[in-house]
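Here the structure is laid out as structure tokens; the discussion comes afterwards.
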Amino acid sequence: MTVGFSIVESDDLSLVQLGHWSLKKFQGLYAKADHIVGSVAEVTRSYAVESPVWIEEPVMRFTPGMSSAQTISMLISFNAMVSYGIHSRLGHRIEHVKPGDARRSCGLVMTTKAKSGGFSQKEQVYRQLTASNGLLSNVCFPLTKTNKPKQENYDRTDAYVVARHGALQVRR
């Protein structure tokens, strides 16, 4: 499991930082949430990030063949712990955004997996952002030995979409 993060400058929408944190070595939800809050603290201090911190809302509905009810419940709990930790320990205001709203504000068009040639929403976001005319076309993403995107790339591009959405909202 990885968590993507991104910083987008609200003045000119430039990408400041894009990355991810791996949670493989952490056992239990509390340890993982604590690690993320600590990592957010480092990044927000290093880059002088001001409130709000934008966080993607987890999927709120069950889709057969996708996330199970147990996974959805765990993600909701994780988001709540991270959001509370960032607010209470770091003093940042938290803004939650639905993935679809963030994607639309970035001009991304999502289709069903069947209509997209078998690509998930995360894969569609990655493909649109990294295309030759995409918002992240100049960013180099790591690939697997078989020349496919590494899993964490999808979390990174999702984080970028949320951060860009937030920057657009701050500009209004």
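Remarks
- Figure legend. Inter-residue proximity from the stretch 81-98: first residues basic (Lys, Arg), second residues outside any helix (DSSP H, G or I), beta-carbon distance below 6 Å, spacing 6+ or different chains. Indicated pairs: ARG93/SER51; ARG93/PRO52; LYS98/GLU57.
- Failed item, numbered, when VAL82 is tested on (1) within 22 Å of MET1 (Cα to Cα); (2) of a type outside the set (Ser, Thr, Tyr); (3) touching a helix residue (DSSP H, G or I) at 6+ places or on another chain (Cβ under 8 Å); (4) surrounded by fewer than 17 Cβ atoms within 10 Å (Cβ to Cβ): (4)
- Meets criteria (surrounded by fewer than 16 Cβ atoms within 10 Å (Cβ to Cβ), closer than 27 Å to VAL170 by Cα and not charged (D, E, K, R)) for ALA33: no
- Among the numbered conditions (1) farther than 21 Å from GLN151 by Cα; (2) modelled with pLDDT of 95 or more, the only one that SER51 does not meet is (2).
The values are calculated or read from the model by the stated rules, or taken from the named source; none is laboratory data. Values in this document were obtained by computation on a predicted structure and should not be read as measured data. Neighbour counts are summed over all protein chains in view; Cβ atoms, including those assigned to glycine, are modelled from backbone coordinates with ideal geometry.
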